[in-house]
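Working notes, structure below.
Please treat every number below as a calculation from the coordinates, not as lab data. Everything quoted here is computed from the prediction, not taken from an experiment.
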């Protein structure tokens, strides 16, 4: 497929080439897109594979994911998008991070669209290291959900959002034996996300702008297969698979819907592998697509966690649709509550 390039200017003269390949093909009402305000926060950490990073093989995770998200959204249709690098550090892109030289502040996010015009959704792209988020990230995310602004986490920081903002207890961000799936690196090894479209939130035409859930569109675009396969590890196809395990109590169970989990296949088990089993992961063990929500008389909060880098999936169109639907769903609280004055 040929590429169509469009150049977008944001903030510090950031110029991004936009390809049509991963744009979400299934869209909600144009009037909803026209009025939607999105803030994207991203970090530019080096470490896709700590210790094995090679610039000629792996692009910078934060930059690559950011570009994928922008393509998925399609800023020719959703035009009110503001992009901020979460922080820069004295140590550059290396891990561990040095001291913060500059960082996006809550004030910048609050006023990204002018006084009194809050974003409807914040997309936080984390490339694998919370240390690169900057000192105000938790404050920004907490402010967002307390003000009924949707949040989408993409990458490896979903556990932080779940624990620090939504109060979910005991989220394992590096669960055994999957860990980050880097060890599934031999030619016959594979990694996938198993979708649960049957668990999708019900779309109500009176409230939703024709959104068909969070994973149903991706499932349909994947030839109605529930398995979204990651690119092979070799030749720079992928690296990390940032699965989590949620150990839920009675209170937190009501806040969660698990819509996708990660499974691996180890073709030739050797001493570098983390398991003696060829199949790694059972149903709902390693969670990568999670809906967080709280609704009561006084609280309306919504967030979606995509604990993976979507550009690593073979079906980039379905991956782009997942990103788009997560953003749209997270922005929907503004439709349902009259006491929110979105201008």
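Couple of notes before you dig in:
- Taking a ≥ b ≥ c as the square roots of the eigenvalues of the Cα gyration tensor, an a/c ratio of 1.5 or more together with a/b no larger than b/c marks region 63-109 as oblate.
- The slack between residue 220 and residue 169, meaning 0.36 nm per residue of separation minus the straight C-alpha distance, is 15.0 nm.
- The alpha-carbon atoms of region 32-336 define a convex hull whose volume equals 132 cubic angstrom per residue.
- For region 32-336, DSSP calls about 60 percent of its internal beta bridges antiparallel.
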